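Worksheet for the structure shown next.
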Amino acid sequence: RELVARIRAEHGDLPLPAGLADGGGEMLSRWRALRDEFLHLQLLYRFGIQEMSTKIDILRQEFESVYDYSPIEHVRTRLKSPDSLFAKAVRQGTDLTVAAIRAEVRDIAGIRITCSFVSDVYWIAEMLATQEDLTVLATKDYVAAPKKSGYRSLHLIVEVPIFLSRTVERVPVELQIRTIAMDFWASIEHKLHYKYSADMPPHLAAEIEDAGRLAADLDARMGRLRDEVRPSPRHPDD
Ligand code: GTP
Ligand code: MG
């Protein structure tokens, strides 16, 4: 109901679909125009995911064919659903216009890359960040500085150009790069958090944070093992 009120406040008498019948032609066409704008927005971010996925897949295939080792374990993509996009825009006080949403919600397109080792996390980030057509808009290093919850991951917002028939559109894509241990922790924590929503008992929160430290220890240990077994892979040009 709050969302409906907000949409009405931002767009005057723009009706919701149920009320369209009594709204008349003008309101109907405004609603359609807005809906079309949002469909176009979704399409752009889907293209953003496709472009970034191709880049990541090219790196993965190159690693698999040229080296005997790939730092990329798996990749998952997601496009924010219209519901959670609206919910986030309302939550952070973003105007419910396509322009404002494009400027202020930067995780509409999301890609999660899971790596074997912590060093791979930075390695992959570096390989993508230095690609000529990409612009890094923001970096949050929750590996070096974990969140209070115990969350660790390297986050990058990269802007990727999308070449359309008449224009070039630049869309931000959120990259979450993490190790298998970080991913294991985050997926369990997410489930527990979801179950308890806001009222997570303090002893559980402390336990989860501690499990995060264990995951970090495991990463450190695996890194040491790897260094002992073989030197870190280098690009032939190095
Ligand atoms: P959002 O509004 O959630 O996108 O957060 P933000 O804009 O403050 O960005 P931040 O970099 O903190 O988090 C972005 C994303 O990282 C989240 O949507 C989650 O996918 C993930 N994330 C951040 N913190 C946590 C955490 O404590 N636990 C888990 N499981 N995931 C987290
Ligand atoms: Mg998010």
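The values are calculated or read from the model by the stated rules, or taken from the named source; none is laboratory data. Computed from a predicted structure; not experimentally measured. Don't worry about glycine lacking a Cβ; one is built from the backbone with ideal geometry, like all the others, and counts go over all protein chains shown.
Quick notes
Conditions (1) within 15 Å of ligand 2 (Cβ to nearest atom); (2) surrounded by fewer than 21 Cβ atoms within 10 Å (Cβ to Cβ); (3) within 23 Å of Asp217 (Cα to Cα), marked per residue:
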position: Lys147; (1), (2), (3): yes, yes, yes
position: Val160; (1), (2), (3): no, no, no
position: Glu169; (1), (2), (3): no, yes, no
position: Leu175; (1), (2), (3): yes, no, no
position: Arg178; (1), (2), (3): yes, no, yes
position: Phe184; (1), (2), (3): no, yes, yes
position: Lys191; (1), (2), (3): no, yes, yes
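- Boolean, Val90 is out of contact with any Ser or Thr (no Cβ under 6 Å at 6 or more places or on another chain), within 14 Å of ligand 1 (Cβ to nearest atom) and of a type outside the set (Gly, Ala, Ser): yes
- For the range 1-83, the helices (runs of 4 or more DSSP H) that sit wholly inside it and include 3 or more residues that are at pLDDT 70 or above, at negative phi and hydroxyl-bearing (Ser, Thr, Tyr) are 25-66.
- For Val136, the criteria (1) farther than 17 Å from Asp219 by Cα; (2) in a loop (DSSP other than H, G, I, E, B) hold in every case but one, which is (2).
- Pairs with Cβ under 9 Å, 6+ apart, first in the range 175-194 and in a strand (DSSP E or B), second small (Gly, Ala, Ser) and within 8 Å of ligand 1 (Cβ to nearest atom): Leu175/Gly110; Gln176/Gly110; Gln176/Ser153; Gln176/Ala186; Ile177/Ser153; Arg178/Ser153; Arg178/Ala186; Thr179/Ser153
- Within the range 195-211, the residues that satisfy the criterion of being more than 13 Å from ligand 1 (Cβ to nearest atom), assigned to a helix (DSSP H, G or I) and exposed (fewer than 10 other Cβ atoms within 10 Å of the Cβ) are Pro202, His203.
- Answer residue from the range 80-120, given it is free of Cβ contacts under 8 Å to residues at least 60 places away in the same chain and surrounded by 15 or more Cβ atoms within 10 Å (Cβ to Cβ) and is farthest from ligand 2 (Cβ to nearest atom) among those: Asp120
- With respect to (1) under 27 Å from Arg166 (Cα atoms); (2) modelled with pLDDT of 90 or more; (3) in a helix (DSSP H, G or I), the lone exception for Arg106 is condition (3).
- Cβ-Cβ under 6 Å pairs, at least 6 apart or on other chains, the range 195-218 side without any contact (Cβ under 8 Å) to a residue 60 or more places away in the chain, far side polar (S, T, N, Q) and surrounded by 12 or more Cβ atoms within 10 Å (Cβ to Cβ): none
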